[in-house]
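Notes follow once the structure below has been shown.
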Amino acid sequence: MQSVAAAVTMVRDDAFFLAAWLRHYGTLLGRENCYVVNHGRGAAVAAQAEGCNVIGIPGDPHPNFDMKRWRLLNGIVNGLRSYYSHVIVGDVDELVALDPAEGGSLLDWLRDQPLRRVLTPVGLEVVHRIDLETEPADGVILGPRRHVRLAPHYSKPCVISLGTKIARGGHFTQASKLFTPDPLYLFHLKFCDFPNYVATMNQRNRVAEEVGADVREAAIGRHWFAGARGEDRAVFEAFAAMQMQEGFDLSWLRKRMQRSWQRRGETGYWQFERPEYDHLYRLPERFDGLF
C-alpha cells in the first residue's frame, strides 16, 4: 500500500467526469487512496466509486455551496497530509497528469519530489472540435480529443505537501513560493465532449434554480445559472476560430507565471496574472490514451 499520494474530489451526479477521474487516479494511485465526497449521498456515485473512500454528506441546496465545499476540502486535505506525502485536490472534471515524455508514472514522479511545497501545473482546457472530432469520448478522452486551449484560470495550486489554506474554487493558496514543474499539467474537461456539456449544464442549471438565489448573491460559479450560459453550440463552434499554435512548448507561459507572482492584496493568498489567451494547441500523440 502506497502513502506517496492521495486524490480528493467532491461530486454530485457527474457520472461522465467521475468515470474519467476514477480511471485516471484509481489506476495511478489505487482506489484505496482516492477520496470521493458524495454530495447528496447519491447511490449511483457510491456504486461507481466502489473501492474508494466515499464520504457521504447532505445535499441540501445552499447559496454558499462553493464556500462550504472548500472549507470541507481544506480540512480533508490538511488531515490527509499526516498520512500521505502529497495530496491532489480539485473538481471532478480536473485531472493532474504527467507528460508521457518524462517517462514513468505520476506516482513515481511524485515519489521523487521534495516535500513542503505546493505544485501548480499549467492549466489546459480540453476542447471538442465538433467540426473535426466525431468519435465519442466516453471510454478514453485523449485521442478522440486532441485540442487544448491555454487556461491560466485552471493553473491551480492543487498538489499539496505543505500546510496551507486553499481559497474557494481552488485557485489560490497562502503558500508564498510558486512551483510550476515542467512536465506537470492540469487538464480541465468541461468542454471535452459536446453532448455531455449540454447534459451537465442542464443539471447544474436545475441545481442553481433550487438554490433560489441569483447570480450576484450565490457563491456558485456564474456558469451554473441559465441566464449566464449562452448558446451551447456557438460556444463549441467558436473553438474553430481560435489561433492554432505550432509545437507544444509552454515554457514561456511558466516564465510569465513566475514573473507575475505576487501577493493577492491583503487576503493572505498569492497569485500570478491570468490573462485570456486565444491559443489552441494540438496535443502530441504521446498524450493519446493518457486518460
Exercise for the section: Let me see the pair-distance distribution of the stretch 1-108: every alpha carbon pair, 5 Å bin width, integer percents in order. Expected result: 2, 12, 24, 24, 20, 11, 5, 2, 1
Practice task
Under 16 Å Cα to Cα from Lys190, which lysines show up? Leave out anything in the same chain fewer than 8 places away.
Solution key: Lys156
Exercise for the section: Starting from the alpha-carbon convex hull of the chain, give the projected area averaged over all orientations, in nm². Expected result: 14.6
Practice task
Give the cross-link partners of Lys68 among the lysines, using a straight C-alpha distance below 17 Å as the criterion and excluding same-chain residues fewer than 8 apart.
Solution key: Lys165
Handout entry: For the stretch 243-273 and the stretch 165-201, distance of Cα centres in Å
Key = 14
Handout entry: Cα→Cβ-extended label distance, 7 Å offset, between Ala15 and Glu50, nm
Key = 1.5
Practice task
Decide, for the stretch 91-141, between rounded, prolate and oblate: order the square roots of the alpha carbon gyration tensor eigenvalues as a ≥ b ≥ c, take rounded if a/c falls under 1.5, and otherwise choose prolate if a/b is larger than b/c, else oblate.
Solution key: prolate
Fill in the blank from the handout: Packing-ranked peptide list from 148-155, 193-200, highest mean Cβ count within 10 angstrom first, is 148-155, 193-200
Handout entry: Probe 1.4 Å, all protein chains present, accessible-area order of Trp21, Trp270, largest first
Key = Trp270, Trp21
Exercise for the section: Considering only protein heavy atoms, with the full assembly of protein chains and a 1.4 angstrom probe, order Met1, Met67, Met257 by accessible area, largest first. Expected result: Met1, Met67, Met257
Fill in the blank from the handout: With +1 on the Cβ of every Lys and Arg and -1 on the Cβ of every Asp and Glu, the dipole magnitude of the chain about its Cα centre, in debye rounded to the nearest 20, is 1200
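The values are calculated or read from the model by the stated rules, or taken from the named source; none is laboratory data. Predicted, not measured: the structure shown is a model, and the values here were computed from it. Using ideal geometry, Cβ is built from the backbone for each residue, glycine included, and neighbour counts are taken over all protein chains shown. Heavy atoms of the whole protein, side chains included, go into the accessibility calculation; ligands, DNA and RNA do not. Shrake-Rupley method; radii C 1.70, N 1.55, O 1.52, S 1.80 Å.
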